[in-house]
Each structure stands twice: as C-alpha cells, then as structure tokens.
1. Hey, Glu75 hits all of (1) within 16 Å of the ligand (Cβ to nearest atom); (2) modelled with pLDDT under 90 but one; which does it fall short on?
2. Need pairs with beta-carbon distance below 9 Å; first residue free of Cβ contacts under 8 Å to residues at least 40 places away in the same chain and within the range 23-42, second surrounded by fewer than 18 Cβ atoms within 10 Å (Cβ to Cβ) and assigned to a helix (DSSP H, G or I); sequence gap 6+ or separate chains.
3. Any residue in the range 187-201 that is under 22 Å from Ile2 (Cβ atoms) and either of a type in the set (A, V, I, L, M, F, W, C) or within 16 Å of the ligand (Cβ to nearest atom) (or both)?
4. Please find, within the range 24-42, the residue that is farthest from the ligand (Cβ to nearest atom) out of those that are open to solvent by less than 70 Å² (accessible area, probe 1.4 Å) and of a type in the set (S, T, N, Q).
5. Do you know which of the residues in the range 95-116 that are among the small types (Gly, Ala, Ser) and part of a helix (DSSP H, G or I) is most open to solvent (accessible area, probe 1.4 Å)?
6. Strands (runs of 3 or more DSSP E) wholly in the range 117-203 with at least 3 residues that are within 19 Å of Leu103 (Cα to Cα) - which ones?
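The values are calculated or read from the model by the stated rules, or taken from the named source; none is laboratory data. Predicted model only: the values in this text are computed from it and were never measured. Neighbour counts run over all protein chains shown; Cβ positions are idealised from the backbone, glycine included. The accessibility values were calculated without ligands, DNA or RNA, using every heavy atom of the protein model including side chains. Shrake-Rupley method; radii C 1.70, N 1.55, O 1.52, S 1.80 Å.
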Amino acid sequence: MIRHHPDNNMLLEYAAGSLPWALSLAVSAHLQLCPQCRQQRENLDNIGGALLGEGAPQTVGSEAFDQLMGRIDREDKQEIEAGEAPATPERAQRTVRNTDPILADLPKVIGKLVSSTGPLKWKRVSSALRTSRLKTGQDHYEVAFQRICRGGKVAEHDHRGREVTVVLYGSFSDSEGVYRRGDFLLREPGDVHRPIATQDQECLCLSVVEAPVKVTGPLGWLINPFLSFRPA
Ligand SMILES: [Zn+2]
C-alpha cells in the first residue's frame, strides 16, 4: 500500500502545468501507481482549470516533452475511464523491451523516457548502489535510476537540492520508515538519511534532484567537484 504521496500544492502545480517537468515526471510516475492521487488530481484539474483559465503560466521546459506528457496524460485518462484497456499493437510497440526484471513493469512515462534514452549504463557508486542517468536535456534537474542491491546499505548522505524519490521496484527503509513501490518522497536540502534495501529483493528508485547553486569564482574549481550534481 502506498503511504507517501505528493502534497496538494505539487498536485495542483502538476494539474496546472506549472510544475517543472522533471518533477512532473516523478508525479506522473506516482499517479500511475496511485489511484488515490489520480482521483485527487482529477479534482484539482477542475479547480485549477476554473482558477487559472486559459492563460495559465507555462514554465516547463521543452515543447517536445510537454507534448509527450500531454499525450501520456490523455492516454492515462482514457485508460482510467475505460478500466483496464486491452493491449493494442501501438501500445505493445511502446513497451520497453528489457530482460532485466527490475525494469519490466515501469510506469509508462518512465518506460518512454528509458526508450528514448537507449540502453541504460549503470555506474557503480558503491557495493550497494548503482545509478543510471536518464537523458533529459534539462540543466536544472538530474533524473536517474538508483538501484540498491538486496539488503544494501547506502552511505549516509544529505541533500544539496530538493530531491524527489519514487520507489519503482522492491522497497527500502531509513530511520523514518519503510517505502514501497509507488511511494513518493520529497527531501529538502540538508535532510540526512541512510536508505537500506529490504533483504528479499533489489530496490529501484527514480530520483529527481534539483541542481544546487553553482559555485563560481576563484575557489569554484575546488568546491564544485564535491557537488554531486552534474547536468546531463
Ligand atoms: Zn498518491
């Protein structure tokens, strides 16, 4: 059962189209897994439409991605209205072909991004953690998969920018609780935590990290290497 959801402000921004798209990606992945938030989003859609009208501000990035998001949203709506829609040849074609079981059942929006990224390259961060960047063409957010091995303990770390995590496979825990598939977590800068994957299976998360303020000036070269964020 999903216990952690985006807050109403974030859902409202998502519904209004004013949420930065990298965060929209994470919200969209969560919505696909969470009927409760899909319903809430429908409600907010109506409120947002009434409040903002036709002239709603658009601060999201590339036009191509907006179109992709719009198309997925429409498809999601159609599927929700129609219940479990049967697979069409078009839909079958869109399915990510991947023999890796951890990637077999990704939310559609993530599957599409993976398809457009090409074969994933996993970078070993530690014995417990591998990461794979997803190409987005955006400078302000780093979008990546984080893959923790069974029972793997990730080194304690803090967050330099806001970070959203959506659990896509398996589960992990930290000092505050256990997080399962679909759970949506927002970490603020300065939050410190130490995730541990459960013993029975690997864990896959989508992470969207806001770029920290870039340090420039004479000492920038010294400080920048310690920032974890590197634009795609
Ligand atoms: Zn939810």
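1. All conditions pass for Glu75, except number (1).
2. Here the result reads Pro35/Ile80; Gln40/Asn8; Glu42/Lys77; Glu42/Ile80, each pair linking the range 23-42 to a residue that is surrounded by fewer than 18 Cβ atoms within 10 Å (Cβ to Cβ) and assigned to a helix (DSSP H, G or I).
3. Taking the range 187-201 first, the residues under 22 Å from Ile2 (Cβ atoms) are 187-188, 191, 193, 195-201.
From the residues that got through so far, the ones that are either of a type in the set (A, V, I, L, M, F, W, C) or within 16 Å of the ligand (Cβ to nearest atom) (or both) too are 196-197.
Looking through the range 187-201, at least one residue is under 22 Å from Ile2 (Cβ atoms) and either of a type in the set (A, V, I, L, M, F, W, C) or within 16 Å of the ligand (Cβ to nearest atom) (or both).
4. Out of the qualifying residues, it is Ser24.
5. First pass over the range 95-116, keeping only residues among the small types (Gly, Ala, Ser): 104, 111, 115-116.
Next, from what is left, pick out any that are part of a helix (DSSP H, G or I): 111, 115-116.
Numbers: Gly111: 5, Ser115: 68, Ser116: 90 Å².
Selected residue: Ser116.
6. Details: elements: 129-133, 141-148, 163-169, 171-174, 177-180, 184-187.
Here the list reads 129-133, 141-148, 163-169.
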